[in-house]
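Visitor: Could you have a look at this structure, given as structure tokens, before my questions?
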Amino acid sequence: MQKKVLITGGSGLLAANWALSICDKYEVILLLHHKKISLSGVNIDTASLNNLDECLSILDKHQPDVVIHTAGLTSVEKCELNPNLAQEVNVDLAKNIATACSSQDVKLVHISTDHLFSSNQELFSEQSTPSPINNYAKTKLKGEQKVLENCKNALVIRTNFFGWGAKYRQSFSDFILNNLKDGKSIDLFQDVFFTPILIDELVGKVHQLINTGFNGIFNVVSNERLSKYEFGVKLANCFNLDIDLINAISINDKENLVKRPKDMSLSNVKLCQALDCKVANLDEQFQSLKEQESSSVLNQVILDIIPYGKHYIDEDDICSVVDVLRCGMLTQGPKVAEFENKVANYVGAKYGVAVSNGTAALHLACMALELGKGDEVATSPNTFVATSNSILYIDAKPVFVDIDSSTLNIDINKLEQTILNSSNIKAIFPIHFAGLPCDMEKIKQLADKYNLAVVEDAAHALGAIYSDDSKVGNCQYSDMTCFSFHPVKGIAAGEGGMITTNDALLYRKLTLLRSHGITKGNFEFPGVSEADDSLINKNEALENGELKRWYYEMQYLGYNYRITDIQCALAVSQMDKVELFLERRKQIAKHYDQAFESYSNIKPLQTQGRNQSSHHIYVVSIDFAKIGMSRHQFMQKLAEQGIGSQVHYIPVVNQPYYQELGYEIEQFPTTNAYYQNTLSIPLYYGLSNAEQKLVVSSIKELLNK
Ligand SMILES: Cc1ncc(COP(=O)(O)O)c(C=O)c1O
């Protein structure tokens, strides 16, 4: 049977290369912490390994023969800045893994470092006395000791390796090659020495040690001791790159660097004697590096991006959909009404009309109000194009009102001014941007004062709370409220939308409009032989006073905006989790608020609304000019770390179609100022704590660059 090898620190340079190097010989499980990657031929699992129980359970789950423990906090700077984290990762985690491996009789290979010495010697042996000079070295040394104390037959490997890194993680050799290929000059230390080894060579030797049953400390390095500068020149020569671009500098010239050893070279005599072998020389290793390029980790590891928003599906959702597929009606069945009732009850409205998407909901709301040519509708430019498009669909004119800089919603003061300045405003379409409700009491006062209809665009705001503690969508301040159930929204239907209302006439009209404007003659009880009063062609409809069984009547020019029972089955099941979703979103938003509080050049927005918002998205303002990076570059760098981000929104008036209609962003200075610096970062129910930490640390790192 193939041996099973479990590798920790899965997204790191060493782990991913290790997996690739052995996956044709062994069954490999690459254990990830927060970054998600895919690598063909390798099984991927995620675990946080915070304590011994988690280490034990991951071994129980996978039953490996060997664990290669590569996970570690390897940044010398981070270890100095964050000693507790260095202790947790480099010492406590190593101890827990060792204890778990020992108790389950699993062979452990613990990867250590060449960083442990600082005396004026070279080619340190396994017997040399370590003298760690920084917190990285100190914690790695402690980690070694814990491993050997807790797992008698563990192998501890001291090494310094190079190889192709994935796109998000450059190795030392990548740094040299990438810069020289781009014609950029680099500085390399001529007075720091090491004995680096190609990862493949390292992996081969370690598996020989495992297979021969060795344990204890082994240096697995090359024979050649050379400076970092000499390494760079040798590598550049092998790849025919310009060595004149490499500047030899001294480590003494670098101020503010955490203290580092000048000689990290290790002796591989013990290794070569134990295995009765030689280690390939560096030229041969560079040659192999060159040959590996196309099939390397660089091209094989695919980094899964943490999106800015995402749905969450559980088994109940799947069963609910499958039930409909097995025995239900696929469309125009009972699930639609069940969903409508569930949402209407939840938000506290009398009626709900489910439709195919949020845009359809807005369009039908416009139609139900009988808005048309010559009518104007006041709305905000800080929205998705769907809001104002729905107004254009019915030939009315969107009149944009600038936003308030703190809520990012329509500016109520400017709204009144706009109403006064234009003669034909018939309705207000406020958007609860990012889930933060508008001040609906004030909007309603204005609507009453000027006799205007109100339609809330609550695409972001399922579960959000008005200032009187009631739920958005109860329509106490509006004629209708429109929701969207696109997967990034509060709940997912695949695609879906709903209009809630308390007005029976609007409800009837909307129901007809979503299905071609057709009625079957008995609105309350379709299919029942008694006709209601709304029929136009009564003579045609009735036979002996009874509704004809096949009769239907088109009263408006409606659309097919129906939603299916399949979608509603999913949405009904999702509604059972809506409070859970909302609570987690709020928690994440508050965590981000804290993490970025008083951090310069980044400002979380809408923070005043944490107890009201449904937290559809988390928006921050970043001073891109100040950090010397464009928003595109910033997003690109985040993506390289596996983090998605988005901009909500390009102001509608900036869209060419709207510009063509004569709208200009200059008239909306607050929206424009907000747009210049805004970024939405990941926020969704399934975002793990580890992923949040990664988002925060990656952003902070970019802000500090
Ligand atoms: C504010 C706003 N209104 C309306 C919509 C349209 O919803 P749907 O995508 O379901 O058509 C969206 C969708 O993103 C939105 O963000």
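A short reminder: the numbers here are calculations on the coordinates, not readings from a lab. This structure is a prediction, so every number in the text was calculated from the model and none was measured. A quick note on method: Cβ atoms are made from the backbone with ideal geometry, for glycine too, and the neighbour counts reach across all protein chains shown.
Visitor: Projecting each Cα onto the charge dipole of the chain (Lys/Arg +1, Asp/Glu -1 at the beta carbon, about the Cα centre), which of Ile627, Gly328, Leu6 comes out farthest on the positive side?
Guide: Ranked along the dipole, the leading option is Leu6.
Visitor: Given axes a ≥ b ≥ c from the Cα gyration tensor, I'd like to know whether the stretch 315-570 is rounded (a/c under 1.5), prolate (a/b larger than b/c) or oblate.
Guide: The shape class here is oblate.
Visitor: May I ask you to evaluate 6.51 cos²θ - 1.76 cosθ + 1.60, the Karplus curve with θ = phi - 60°, for each residue of the stretch 634-642 and list the ³J(HN,Hα) values in order in whole Hz, giving x for glycine and proline?
Guide: Rounded to whole hertz, the list is 4, 5, 5, 5, 5, 4, 5, 8, x.
Visitor: Report the full-extension gain for the segment Ser38 to Lys3: residue separation times 0.36 nm, less the Cα-Cα distance, to one decimal in nm. All intermediate terms of the calculation are to be shown ahead of the outcome.
Guide: Numbers: separation 35, 0.36 × 35 = 12.60 nm, distance 2.11 nm.
10.5 nm is the gain from fully extending Ser38 to Lys3.
Visitor: Assuming 0.890 mPa s and 25 °C, estimate D for the stretch 128-224 with Stokes-Einstein, Rh taken as the Kirkwood radius over Cα pairs, in µm²/s. Could the numbers behind the result be given before it?
Guide: Working: Rh = 15.8 Å.
The calculation lands on 155 µm²/s.
Visitor: So if we plug the beta-carbon distance of Tyr450 and Ser697 into 1/(1 + (r/R0)^6) with R0 = 35 Å, what FRET efficiency do we get, rounded to 0.05?
Guide: 0.10
Visitor: If I take every Cα pair under 8 Å that is 6 or more residues apart in the stretch 385-456, average their sequence separation and divide by the length, what percent do I get for the relative contact order?
Guide: That works out to 26 percent.
Visitor: Could I have the simple spin-label model distance between Gln63 and Asn560, label points 7 Å from Cα toward Cβ, reported in nm to one decimal?
Guide: 5.3
Visitor: Once you order the gyration tensor axes a ≥ b ≥ c over the Cα atoms, which shape class does the stretch 565-705 get: rounded for a/c under 1.5, otherwise prolate or oblate by comparing a/b with b/c?
Guide: Oblate is the answer for the stretch 565-705, as a/c is 1.5 or above yet b/c matches or exceeds a/b.
Visitor: For Gln273 and Lys152, FRET efficiency with R0 = 25 Å and r from the beta-carbon atoms, rounded to 0.05?
Guide: 0.70
Visitor: So between Ile518 and Ser131, what do we pick up on full extension, going 0.36 nm a residue minus the alpha carbon distance?
Guide: 130.8 nm
Visitor: OK, next. What area, in nm² and to one decimal, does the C-alpha convex hull of the stretch 233-294 cast on average over all directions?
Guide: Its average projected convex-hull area is 6.9 nm².
Visitor: Per the helix-only calculation at 222 nm, which mean residue ellipticity applies to the chain, given -39500 (n - 2.57) for every DSSP H run of n ≥ 4 and division by its residues, nearest 500 deg cm²/dmol?
Guide: Details: 27 runs with 270 residues, N = 705.
That comes out to -11000 deg cm²/dmol.
Visitor: Let me have the relative contact order for the stretch 318-474, percent, based on Cα pairs under 8 Å that are six or more residues apart.
Guide: That works out to 20 percent.
Visitor: How far apart, in nm, are two points set 7 Å out from the Cα along the Cα-to-Cβ line at Lys548 and at Tyr599?
Guide: Here the modelled spin labels are 6.9 nm apart.
Visitor: Be a star and scan the stretch 535-578 for residues whose amide nitrogen sits under 14 Å from the point 7 Å along the Cα-to-Cβ vector of Val528.
Guide: 547, by backbone N distance to the label point.
Visitor: List the trypsin sites (Lys or Arg not before Pro) within the stretch 531-576 that DSSP assigns to loop and that have no more than 10 neighbouring Cβ atoms inside 10 Å.
Guide: Passing sites in the stretch 531-576 are Arg549.
Visitor: Tally the DSSP beta bridges in the chain and give the antiparallel ones as a percent, rounded to 5.
Guide: Numbers: 31 of 77 bridges.
Beta bridges within the chain, antiparallel portion: roughly 40 percent.
Visitor: Are there chymotrypsin sites (Phe, Trp or Tyr not before Pro) in the stretch 231-287 that DSSP marks as loop and that have at most 12 other Cβ atoms within 10 Å, and which are they?
Guide: Those that pass, being in a loop and sparsely packed, number zero.
Visitor: While we're here: Give the distance, in whole Å, between the Cα centre of the stretch 488-515 and the Cα centre of the stretch 103-133.
Guide: Between the Cα centres of the stretch 488-515 and the stretch 103-133 lies a distance of 66 Å.
Visitor: Relative contact order of the chain: what whole-number percent is it, with Cα pairs under 8 angstrom and at least 6 residues apart?
Guide: Relative contact order of the chain: 12 percent.
Visitor: In addition: Share of Cα-Cα pairs in the chain beyond 42 Å, in percent?
Guide: On the way: 107303 of 248160 pairs.
Percentage above 42 Å: 43.
Visitor: Report the calculated FRET efficiency for Arg326 and Asn120 (r = Cβ-Cβ distance, R0 = 45 Å), to the nearest 0.05.
Guide: 0.05
Visitor: Within 10 Å, at most 16 other Cβ atoms, and a DSSP state outside H, G, I, E, B define an exposed site. Report the longest part of the chain free of exposed GluC sites (Glu not before Pro).
Guide: Working: sites that count: Glu122, Glu126, Glu255, Glu370, Glu524, Glu530, Glu597, Glu664.
Longest run free of exposed loop sites: 371-523.
Visitor: Given the C-alpha centroids of the stretch 33-80 and the stretch 589-667, what is the distance between them in whole angstrom?
Guide: Using only Cα atoms to place each centre, the spacing works out to 33 Å.
Visitor: If the chain between Ser288 and Asn252 were fully stretched, how many nm would it gain, using 0.36 nm times the residue separation less the Cα-Cα distance?
Guide: Extra length from Ser288 to Asn252 when fully extended: 9.6 nm.
Visitor: In addition: State the number of lysine pairs found in the stretch 578-704 whose Cα atoms come within less than 21 Å, restricting to pairs 8 or more positions apart or on distinct chains.
Guide: Going through the stretch 578-704 pair by pair, I get 13.
Visitor: Taking the chain as the reference, fit the longest principal axis to its C-alpha atoms, fit the long axis of helix 172-181 to the helix C-alpha atoms, and give the angle between the two in degrees, 0 to 90, nearest 10.
Guide: 70
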